[in-house]
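To start, the structure under review is shown below, and the notes come after it.
The values are calculated or read from the model by the stated rules, or taken from the named source; none is laboratory data. Since the structure is predicted, the reported quantities are computational estimates derived from the model, not experimental observations. Ideal geometry is used to build each Cβ from the backbone, glycine not excepted, and the neighbour counts take in all protein chains shown. Accessible surface is based on the protein model in full, side chains and every heavy atom, while ligands, DNA and RNA are left aside. Shrake-Rupley method; radii C 1.70, N 1.55, O 1.52, S 1.80 Å.
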Amino acid sequence: MQKIKQDRRETGKVAPATTRRRRRAWDAWSDWLVRRITERPDIYLRELQVQLQEELGVCVSLWTLSRGCRELKITRKKKTLIAAEQDREDVQRKRQEWRQTQGEFSPEKVV
């Protein structure tokens, strides 16, 4: 109580300080994170988590990694997989034939 009265006399305030500067958990290794995602944009968070533990000895949650990526405004882009058979000549020929026959269908009959 005495401390509160002293604060009020000195500062005119009774309420406790409401702001504090919290350091973000990922500040220390943010450069590492940006470099890893730049090297491999399709990396999974779980892989980043393992690499961070192995290389820097830092154990963090997936949520911390996700929040760090979001606040650094870096995204991880997943590769879109395309079926390998699309490049085969016989499949391309069949796809071309199928496209040509699409005009022959009546929308009323399809539904």
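Relative to the dominant Cα principal axis of the chain, helix 62-72 is inclined by about 90°. Each Cα pair under 8 Å and six or more residues apart adds its sequence gap; the mean of these over the residue count of the range 19-91 is a relative contact order of 35 percent. Compute the angle between helix 89-101 and the longest alpha-carbon principal axis of the chain, please, reported from 0 to 90 degrees and rounded to the nearest 10. Here the helix axis deviates by roughly 80 degrees. Which of THR101, THR11, THR75 moves most in a GNM of the chain, Cα contacts under 10 Å? Among THR101, THR11, THR75, the largest GNM mean-square fluctuation belongs to THR11.
Excluding ligands, DNA and RNA, the accessible surface per residue across the chain is 90 Å² with a 1.4 Å probe. If you add up the charges near CYS69, with Lys and Arg at +1 and Asp and Glu at -1, over every other residue whose beta carbon is less than 11 angstrom from its beta carbon, what do you get? Neighbour charge sum, excluding CYS69 itself: +4. For the chain, the longest principal axis of the Cα atoms and the long axis of helix 45-56 meet at an angle of about 50 degrees. Under 17 Å between alpha carbons, and skipping anything fewer than 8 positions from LYS94 in its own chain: which aspartates and glutamates qualify? Cα-Cα hits under 17 Å: GLU85, GLU104.
Solvent-accessible area of the chain (1.4 angstrom probe, protein heavy atoms only): carbon and sulfur portion equals 51 percent.
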